[in-house]
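Okay, structure first, notes after.
A short reminder: the numbers here are calculations on the coordinates, not readings from a lab. Treat the numbers as computed from the prediction; the structure is a model and nothing was measured. For neighbour counting, all protein chains shown are included, and Cβ atoms are generated from backbone atoms with ideal geometry for every residue, glycine included.
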Amino acid sequence: MLALIGKDMEVVVQEEVTGCGIAASAALAGLSYAEAKNRASVLGIHASDTSLWSDTEYVRTLLRDFGISVSPKETPFESWDQLPDKALLAIKWRIEQGKPFWHWVLFVRENGEAKVLDSKKILKSNVRRDFGRIKPKWYIEVSN
């Protein structure tokens, strides 16, 4: 997608409690939540499906459809300094009934400034710099 060339990344707020993967994908593609949700629906991806935040393939499929390349693997988080300039982060990682769950957020380093774009609707600010409070489990590098 050429939509973001020359523009800073902007947060997309999720419109559904479980829409963090769709919102992170929308932010990467430079789309609104509604546009990304519509495209996801065509692909059979729905925020109501809890697999959206317990399986990486749904977000990978949506990003592929948007022309966005991501790493084929999840890399364990070690430090904020070691993150690539763009990455999907798994935070609030936990096991429920034997299945992993997490909240998707987007890490971005632009113009020497690092920030986390967190789509959660109830936050006072969706652009986060409180890195000590955010506990990523792993990340997926975004190539473009």
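If each DSSP helix of 4+ residues adds -39,500 (n - 2.57) and the sum is divided by the residues in the chain, what number results at 222 nm, nearest 500 deg cm²/dmol?
Values: 3 runs with 29 residues, N = 144.
One gets -6000 deg cm²/dmol as the mean residue ellipticity at 222 nm.
Straight-line reach from residue 73: which lysines fall under 30 Å, measuring Cα to Cα and dropping same-chain residues less than 8 apart?
Excluding near neighbours in sequence, the set is 7, 37, 86, 92, 99, 115, 120, 121, 135, 137.
In angstroms, what radius of gyration and Dmax does the chain have, counting Cα atoms only?
Radius of gyration, then largest Cα-Cα span, for the chain: 13.9, 44 Å.
If you take the beta carbon distance between residue 99 and residue 131 as r and set R0 to 22 Å, what does 1/(1 + (r/R0)^6) give as a FRET efficiency, to the nearest 0.05? Write out the running numbers ahead of the final one.
Numbers: r = 28 Å, r/R0 = 1.25.
Using R0 = 22 Å, I get an efficiency of 0.20.
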